Each structure stands twice: as structure tokens, then as C-alpha cells.
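A short worksheet on the structure shown next.
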Amino acid sequence: MALTPRLELRQSQSLVMTPQLQQAIKLLQLSNLELAEYVEQELEKNPMLERDEDDHPDQDDGPSESADSPKSGDEKESLESIDFDATQPAEIEDDARDVDYDNLYSDDGPTDGGLVAPQFADAGLGGGGFDTLTPDLEETLSQKASLRDHLNGQLTMELDDPVDRLIGLHLIDMLDEAGYISGELGTVAEVLDCTVDRVEATLAKVQQFDPPGIFARSLSECLSLQLADKDRLDPCMKAFLDNLELLGKRDIKGLAKACGADAENVADMIAEIKALNPKPALAFDHSIAQPITPDVLMRPASGGGWIIELNTDSLPKVLVNNHYYAHVSSQTRSKKEKKYITEQFQSANWLVKSLHQRATTILKVASELVQQQSAFFAKGVQHLIPLVLRDIAEAIEMHESTVSRVTSNKYIATPRGIYELKYFFTPAIAATGGGVLSAESVRHRIKALIDEEEPKKVLSDDKIVENLKSEGIEIARRTVAKYRESMRIPSSVQRRRDKSAPS
């Protein structure tokens, strides 16, 4: 075979990830909030895009119409008709120049009413002084004090020494969201170049601040501070707080032995501990939980079945401003400007198409999910069938990765509540007779068995396996334990202690 240079022509197919394709894939996996933020950024940097404001059809949104537009003839005439000389302040009359300012006000009020400003004279507020003005609206609004403001006010009142105040400010900065000290006191001493004893002495002072239990370094110390504030921190209660781990295990006998008290006294102390606040700073947490906005809405149809529709309120609405594109294109002369305008116009068109394609794909996937899981919506979670991404992808003739992106961070509002689309994908568990069950329905059944158990007949994991097997569900004990732990249900030993402990 001779080694000679030659030319060959080959034909092949390949998938090229263009920037437009990357954008479409990115939009597909964004949530509502992320999509709205992305569209806002595009509106800021692309002049060919505009919001679709259907509620204001008479409003002129085009940039070419709102920016640098000449004034109409009426506006020119109105400006030209103004007599600017007449608007100048009139000359002060000679009588006004000779006012006796020393005797302007008498005991009965102003002696010369002609010089009282009308906005104060007509206010009817008894003399019209500046201190009688009506406050602004912002000044009348109520505002809840933050934890830092609340503690700073007490710090100023209670601590006179400047060094103690500075240490107290550092301790306030070390508080976490629950009101505990989240750091070492030695760090404060090192930063302020003072002794640790001085920091601990200041800590003991600020621990007396309101709310009780603030500036604690542990749960035991937080509860101790609150009990001391109520004058209930006796030696027996101190022993109780030193053995809080026994309370977590519901070991009432061990607590009684550690405290040197009988079961009745231990029950009283437990009731007293339950009345305390383990997170004193949460009383100042004014953050508002934002509700989930569903992407898809679902409701029953009058003739049976379901109606699936997109939540248009959560979708950003943008349009390509063709009028502005035509206007600017006709006025550009340089090649660089024309290239920029063309690129922005194509980018705007592609964004609008990508948003439409995203909405169509979400609706298609959601409709197929509802059809596959119709038994769940009609009868409940026990009828949730096993489902994987491949099942939906084959039904709607899309790739699994596309279905995965569509179902991420997307929610559907159903008559049974709001669910993430990924909730409906569950693995299969074998059942007697060759059938399969959804893992979620098995979890639901395990929880139902535990909720129905009697205090004196707590079900072990092995017993749950036997009960499920009698119902036709083949499942291993370790799987029951895994599902139970995922639902944060304690073991049978812990549940027995919880149910036998005094309420």
C-alpha cells in the first residue's frame, strides 16, 4: 500500500450543541423564579424584546415610541403660550418692607396675618407651628424590632463599661438563628485583646437579657437560664438538665434515679421543661414562607377525566418588537451596527420560541403523567403505580434526559394537593401473584400500620414484614427499616418508650 497524499470526501451526522440549543435546554430545567429572573436579564440587555402586557392594550410599549420621540404640535403650542415673565415673583410692596418684625407676634397670635404662610394658617392646628405638621405616611407604619435591635437596646441600658459593651456587640454577632452562641469565646478575647474571663463575665451579664435563654451555649444552658428566670432551678432540676439524653430516650426510670426523685416528680419536671422555649430567638424571626407556585393546574372535567393546563400567571410573557426592529434597521448605516441589530433580533426570536417550546413540553409531560397515574388521583396514594422516566419518554417520544429536566423543580396543583412532578416516579416492588407495587404506596402502608398500632403492641420491623406479606407485598426487613427511617419514624423500642411515657 503506497503512502501518498490524497483527498477523501466523507458524509456523517453529528449533534452540535449550538448556543441556541444550549439556551433551550437551560430554559427547560429552570424553575418559575429562575425563569423569570433569566427573562428579566434578557429584557435588560436585548432592545428587541418587550413585555407582553395584554392588560394595557392602549399603552405604548415600543421603545421607538417612548424614547426620543418629538413633541406633538399641541405640546409645542402649550410651551410657547406660557408667559415666563408673568411667572416671576412679584416685587415686594413698600408696606411689606416696613413690617415691625419685633412685634410681629403677640400673645393672641400674629399681629399681621398678611405675612403668615397660607399652608400653615389654613391648617387649623392652633398657630401653624412646624411641630404640628402631619407626619409622612412612612412615619406612621409599624415595624417589628429585630433581635439585634432588641438586644442592642438592652446592651445600652444595662452595661455602662465601654469594654463590656464592645464585647456584648461581638457576642450578639455570634448568635445563630435560634439564639445560641455559635463560636468560641477565646476568639472574641483574641480579637479584642482581653482575657477570656472578661468575656465570660460579660456573657453572664447578657444572658440575663430578654428573651430568657438567649446567649446560651447548649440546650441545657438555655433551659437553665429560663428556669432561673422563673426561680425554678433547684438541685433536682439541675440534675434533670444534666441528663437530658435520658429524656430523649424516654428512660424515665433512669431520670428518676439520676435526680433522686420519684416518677411523679419526674413527670412534673417534664411538663415544666415542655413549657420552655428551646429556641428563644425564633420569636423575632419575621421571615414569611413563600408558597410554592405550581407550573401546571389540574381540575376534574365535567364529563369525567381531567383538564390539564399551564399556570399562565407564572409564565413570563415576552414578545419580539418587530416595529422597533424595522425602525432601527432602516436608520443604521454601519456594518457593525447592522450585525448587532440582526443578532439581537435573532436572539429575541429564539428566546420566544424556546419559551413556547418549554411550555409545550411541560404540558405534554404533565398530561402523560396524569394519564399514567390516574388511579392515584381518583383513589389515593395506595394506588400509585411504579413509573420511571423511560415510560413517559417512550409515550411522548422524547428522550429521558428531556423528561428529567422537565420534571425537575416543576409542580402540579391537583385536587389532592401540590406535588413535584418527580413525585410520581417511584420504583417497583414485587407483589404476590407476579404484580408490582409502587414504593411510595408501600411507604404509605407502613406508616398506616405504625399509626394504627396499640401502645402495648408496638410492631417490630419483622412484624411489619409479616403483615405486608399477608397483604401480598413481598419486602425485606432492611427495606422496611430504610423506608421507616426515611419517614423519620423511630424504632419499635423508641416508639414503645414514647407511648408508655407520661404525657
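The values are calculated or read from the model by the stated rules, or taken from the named source; none is laboratory data. Keep in mind it's a predicted model, so treat the numbers as computed, not measured. Glycine also receives a Cβ, built like all others from the backbone with ideal geometry; neighbour counts cover every protein chain displayed.
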Would you point out which residue out of Asp295, Asp313 is closer than 30 Å to Leu421 by Cβ and in contact with a strand residue (DSSP E or B) (Cβ under 9 Å, 6 or more places away or on another chain)? Asp295
Looking at (1) over 30 Å from Arg148 (Cα atoms); (2) in contact (Cβ under 8 Å) with a residue 24 or more places away in the chain, find the lone condition where Lys279 falls short. (1)
With respect to Lys422, is the statement that it is loosely packed, with under 14 Cβ neighbours inside 10 Å and not in a loop (DSSP other than H, G, I, E, B) true? no
What residue, of Lys336, Lys317, is touching an Asp or Glu at 6+ places or on another chain (Cβ under 6 Å) and not hydrophobic (A, V, I, L, M, F, W, C)? Lys317
Within the stretch 286-295, is there a residue that is touching a residue at least 60 places away in the same chain (Cβ under 8 Å) and out of contact with any Phe, Trp or Tyr (no Cβ under 8 Å at 6 or more places or on another chain)? yes
Sort out which residues of the stretch 37-53 are surrounded by 15 or more Cβ atoms within 10 Å (Cβ to Cβ) and assigned to a helix (DSSP H, G or I), and write them in order of number. Tyr38, Val39, Glu42, Leu43
Mind checking which pairs have a first residue in the stretch 314-327 that is in contact (Cβ under 8 Å) with a residue 24 or more places away in the chain and a second that is part of a loop (DSSP other than H, G, I, E, B) and aliphatic (A, V, I, L, M), Cβ under 8 Å, 6 or more apart or different chains? Val320/Met48; Asn321/Met48; Tyr324/Met48; Tyr325/Met48
Based on this model, can you work out whether Ile172 counts as in the same structural domain as Gln154 (by TED's automatic domain parsing), under 31 Å from the mean Cα position of the chain (by Cα) and part of a loop (DSSP other than H, G, I, E, B)? no
What number goes with the only condition from (1) touching a residue at least 60 places away in the same chain (Cβ under 8 Å); (2) over 24 Å from Leu223 (Cα atoms) that Asp176 does not pass? (2)
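For (1) at pLDDT below 90; (2) touching a Phe, Trp or Tyr at 6+ places or on another chain (Cβ under 6 Å); (3) crowded, with 18+ Cβ neighbours inside 10 Å; (4) outside any helix (DSSP H, G or I), each residue gets a yes or a no:
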residue: Asp391; (1), (2), (3), (4): no, no, no, no
residue: Ala395; (1), (2), (3), (4): no, no, no, no
residue: Val403; (1), (2), (3), (4): no, no, yes, no
residue: Ala413; (1), (2), (3), (4): no, no, no, yes
residue: Ala430; (1), (2), (3), (4): yes, no, no, yes
residue: Leu437; (1), (2), (3), (4): yes, no, yes, yes
residue: Val442; (1), (2), (3), (4): yes, no, yes, no
So in the stretch 240-264, with the set limited to residues that are surrounded by fewer than 16 Cβ atoms within 10 Å (Cβ to Cβ) and over 25 Å from Ser492 (Cβ atoms), which one is nearest to the chain's Cα centre (by Cα)? Asp242
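The rows are residues; the columns are (1) at positive phi; (2) surrounded by 14 or more Cβ atoms within 10 Å (Cβ to Cβ); (3) in contact with a helix residue (DSSP H, G or I) (Cβ under 8 Å, 6 or more places away or on another chain); (4) free of Cβ contacts under 8 Å to residues at least 12 places away in the same chain.
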residue	(1), (2), (3), (4)
Leu166	no, yes, yes, no
Tyr180	no, yes, yes, no
Leu185	no, yes, yes, no
Asp193	yes, no, no, yes
Val199	no, yes, yes, no
Asp210	no, no, yes, no
Phe215	yes, yes, yes, no
Only residues in the stretch 135-163 that are over 19 Å from Gly213 (Cβ atoms) count as the first member; pair them with residues that are in a loop (DSSP other than H, G, I, E, B) and modelled with pLDDT under 90, Cβ under 7 angstrom, at least 6 apart or cross-chain, and list the lot. Lys144/His286; Val163/Cys194
